[in-house]
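Readers should treat all values here as calculations from the given coordinates under stated rules, not as data from a laboratory. Values in this document were obtained by computation on a predicted structure and should not be read as measured data. As a convention, Cβ positions derive from the backbone with ideal geometry for all residues, glycine included, and neighbour counts pool all protein chains shown.
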Amino acid sequence: DTAVSQTPKYLVTQMGNDKSIKCEQNLGHDTMYWYKQDSKKFLKIMFSYNNKELIINETVPNRFSPKSPDKAHLNLHINSLELGDSAVYFCASGGARTETYEQYFGPGTRLTVT
Amino acid sequence: KQEVTQIPAALSVPEGENLVLNCSFTDSAIYNLQWFRQDPGKGLTSLLLIQSSQREQTSGRLNASLDKSSGRSTLYIAASQPGDSATYLCAVQAGANSKLTFGKGITLSVRP
């Protein structure tokens, strides 16, 4: 009965590779987000999709490409990985199921680029 | 541009103490404010959400208050326990589907 799930949990890869992180939510929410938590533990928004449409893109390098095949899924593809991409990436969902638009977070994907 | 500040960055208290964690934000035009807990190496657990029209929310030993006009929120933890040790993050949301803007968190250590 996991609400927001992400795969993989850990990802170790070399510079220059391309990788994807998948996210799924079973809460019936219409909005999904990707956040990045850097080495100093600061969390910052990257992207947001509402009903499969991109609504937030916070000056993220175009090596990062989100894709939302349907309302329940938001995947993140990263091309040409760099050392600075090492971080924890969190997926979240929120939406009109409740009027509060509370956001629920997945367990995170720890990406290490060597 | 919204900025969220949490001071101090770290706090250590003896078990049983009542404590207050502070959060301030620069733009009072918020839709809601959420408090999260993050354990080391883990994800974020939502503790409390206060809508802009509310003054406080309570859950068990936790009470969060909101003073939107002054740009402040506090998270009150009663009778702290070692299991409360974690990082507590405050985040504000400007609109219904908008992003959360986070503070840098307060790392709490409750000593037995």
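Once label points are set 7 Å from the Cα along Cα→Cβ at both B:GLU15 and A:SER5, what is their separation, rounded to one decimal in nm?
Label-label distance for B:GLU15 and A:SER5, simple model: 3.7 nm.
Is there a simple number for the mean count of other chain Cβ atoms within 10 Å of the Cβ of residues in A:33-43, and what is it?
The per-residue average across the peptide is 4.
Under a Cβ-only charge scheme (Lys and Arg +1, Asp and Glu -1), can you give me the dipole magnitude of chain A about the Cα centre, in debye to the nearest 20? Show your work: numbers first, answer last.
Numbers: 13 positive and 12 negative charges, 61 e Å.
That gives chain A a dipole magnitude of about 300 debye.
Say R0 is 25 Å: what FRET efficiency, to the nearest 0.05, do B:GLN51 and A:ALA72 get from their beta-carbon distance?
0.45
Could you sort out which of A:LYS41/B:LYS42; A:LYS22/A:LYS67; A:LYS67/B:LYS104; A:LYS40/B:LYS42; A:LYS22/A:LYS44; B:LYS68/B:LYS99 sit more than 20 Å apart by Cα distance in this structure?
Beyond 20 Å: A:LYS67/B:LYS104.
Any idea what the dipole of the protein assembly as shown comes to, in debye rounded to 20, about its Cα centre with Lys/Arg Cβ at +1 and Asp/Glu Cβ at -1?
That gives the protein assembly as shown a dipole magnitude of about 300 debye.
B:SER85 versus B:ARG61, label points 7 Å from Cα toward the beta carbon: distance in nm?
Each label point is offset 7 Å from its Cα along the Cβ direction, giving 1.4 nm.
If R₀ is 22 angstrom, what is the calculated FRET efficiency for the pair A:ARG63 and A:THR114, using the beta carbon separation as r and rounding to 0.05?
Computed FRET efficiency for A:ARG63 and A:THR114: 0.80.
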